Amino acid sequence: MLAKRIIPCLDVKDGRTVKGVNFVDLRDAGDPVELAWQYSEQGADELVFLDITATHEKRKTTIELVKAVARQVNIPFTIGGGINELKDAEVLLNSGADKISINSAAVRNPTLIDELARSFGRQFVVVAVDTRVIEGKNFVYLRGGRDKTDIQTEDWIKEAEQRGAGEILLTSMDHDGTKNGFDNTFLKKINDTIHIPLIASGGAGKQQHFVDVFQQTNVDAALAASVFHYGEILIPELKEKLRTHGIVVR
């Protein structure tokens with residue numbers, strides 16, 4: 001069995017880490033480079049940085065942030081936000097990022113997934129999907145959760161895999177920041193239908209939620225933000241709890 005991964009997520013706005021509830025009411029959570037170093041020391045398996053207003057503000061992800069993180073941490077990290085073309089991804093990977101994450105741009109231009117996978121390899125391409133339930137169906141949202149599409153989430157994830165996504169980062173907007181647990185029912189449904197790693201995101205509030213998501217859905221990784229940023233869950237303790245439940249971690 002492959003070891004399950006624990007991934008802190010740092011949402012970055014104006015050079016600071018922020019966190020909200022259901023994608024709104026953002027509050028400051030610290031310096032992203034300092035937090036990255038702390039998580040690396042604590043034993044996080046990977047990190048994800050999302051420049052959450054890059055697409056909305058129509059600008060590129062901060063290159064200097066990527067370089068600073070690459071200098072500080074020795075674990076893989078993914079960067080996302082404002083990546084619209086091959087050139088954007090190339091600059092980020094050359095600056096030290098291990099993977100790139102695309103969301104809105106991939107939905108607007110699905111061939112971007114094919115191009116990135118061909119140019120850099122599938123393992124470098126993470127497709128992030130923000131989903132919300134409307135009248136019993138999951139729909140894809142864009143621009144940091146601002147815009148609803150008519151695309152059903154399950155259909156889009158299958159297409160992303162077929163086009164060359166190496167990994168899916170699935171965030172439940174309904175669960176995000178609530179600390180009531182991951183959307184395990186939907187995560188299991190998706191994980192049972194795809195053949196690439198799935199990262200669960202949205203809803204972590206306590207250690208048991210990580211136990212539940214791995215046991216109930218068999219996802220490859222679980223991602224969280226505020227519970228790590230504010231010290232509510234410490235990664236070494238979380239990994240020890242997972243081990244006591246028979247879940248393989250690094």
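Structure notes:
- Taken over region 67-94, residues that are open to solvent by 20 Å² or more (accessible area, probe 1.4 Å) and on the phi > 0 side of the Ramachandran plot amount to 0.
- Test result for ILE196, outside any helix (DSSP H, G or I), under 24 Å from ASN103 (Cβ atoms), modelled with pLDDT of 95 or more and in contact with a helix residue (DSSP H, G or I) (Cβ under 7 Å, 6 or more places away or on another chain): yes
- When region 204-250 is filtered for residues that are closer than 27 Å to ALA165 by Cβ, at pLDDT 95 or above and assigned to a loop (DSSP other than H, G, I, E, B), the ones remaining, listed by number, are ALA204, ASN218, VAL219, ASP220, ILE247, VAL248.
- Test: residue in region 13-21 that is modelled with pLDDT of 95 or more and not small (Gly, Ala, Ser): no
- Scanning region 143-190 for residues that are under 30 Å from ARG118 (Cβ atoms), touching a strand residue (DSSP E or B) at 6+ places or on another chain (Cβ under 6 Å), open to solvent by less than 50 Å² (accessible area, probe 1.4 Å) and not in a helix (DSSP H, G or I) returns GLY145, THR149, ALA165, GLY166, GLU167, ILE168, LEU169, LEU170, THR171.
- Members of region 59-93 found to be hydroxyl-bearing (Ser, Thr, Tyr) and touching a Leu at 6+ places or on another chain (Cβ under 8 Å), listed by number: THR61, THR78
The values are calculated or read from the model by the stated rules, or taken from the named source; none is laboratory data. The model shown is predicted, which means the values in this text are computed figures rather than measured ones. Using ideal geometry, Cβ is built from the backbone for each residue, glycine included, and neighbour counts are taken over all protein chains shown. Surface accessibility is based on the protein's heavy atoms, side chains included, excluding ligands, DNA and RNA. Shrake-Rupley method; radii C 1.70, N 1.55, O 1.52, S 1.80 Å.
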